[in-house]
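The values are calculated or read from the model by the stated rules, or taken from the named source; none is laboratory data. What you see is a predicted model; the values in this text were computed from it and never measured. A quick note on method: Cβ atoms are made from the backbone with ideal geometry, for glycine too, and the neighbour counts reach across all protein chains shown. Just so you know, the surface numbers come from the protein's heavy atoms only, side chains and all, with ligands and any DNA or RNA stripped out. Shrake-Rupley method; radii C 1.70, N 1.55, O 1.52, S 1.80 Å.
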Amino acid sequence: QVQLVESGGGLVQPGGSLRLACAASGIIDSRYTMGWYRRAPGKQRELAATIFSGGSTNYADSVKGRFTISRDSAKNTVYLQMNSLKPEDTAVYYCNARFALVTYWGQGTQVTVSS
């Protein structure tokens, strides 16, 4: 059974940090491109960060310099380190795995940035 399970969300003050984790199971392996998407209230889902099978990364302009995506192949887990968080980072964050024509999604984890 293929599963993506996110964890690490929560409430944090502006300027704070959080680290999200996405544990993959089933057939998902290092060949998959992994991404973190987010959906803010009243907005469309957007791609925040991507890590490709070769290890290269890509970030949305809105998070560049503040977020870092990484993967631990031994644990089959992808992380999103989020620093200098802003209220506009408040969203449900979703883990995504894709390979060829196959895409999997996690259930999402809420991140709220508020004082």
Exercise. Would you give the gap between the C-alpha center of the range 18-37 and the C-alpha center of the range 52-115, rounded to a whole Å?
Key: 9 Å
Practice problem: Compute log10 of I(q)/I(0) for the range 36-92 with the Debye formula, placing one identical point scatterer on every Cα and leaving out solvent, at q = 0.12, 0.15, 0.17, 0.25 Å⁻¹, to two decimals. | Solution: -0.29, -0.45, -0.57, -1.07
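Any idea what the relative contact order of the chain is, in percent, if you count C-alpha pairs under 8 Å spaced at least 6 apart?
This gives 36 percent for the chain.
Heavy atoms only, probe 1.4 Å: what % of the accessible area of the chain goes to carbon and sulfur, would you let me know?
Carbon and sulfur: 48 percent of the exposed surface of the chain.
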Quiz item: What chymotrypsin sites (Phe, Trp or Tyr not before Pro) in the range 38-67 are in a loop by DSSP, with at most 16 other Cβ atoms within 10 Å of the Cβ?
Solution: F52
Practice problem: Restricting things to alpha carbons, find the Rg to Rh ratio for the chain using the Kirkwood radius for Rh. | Solution: 0.95
Quiz item: Excluding ligands, DNA and RNA, what is the solvent-accessible area per residue of the chain at a probe of 1.4 Å, expressed in Å²?
Solution: 53 Å²
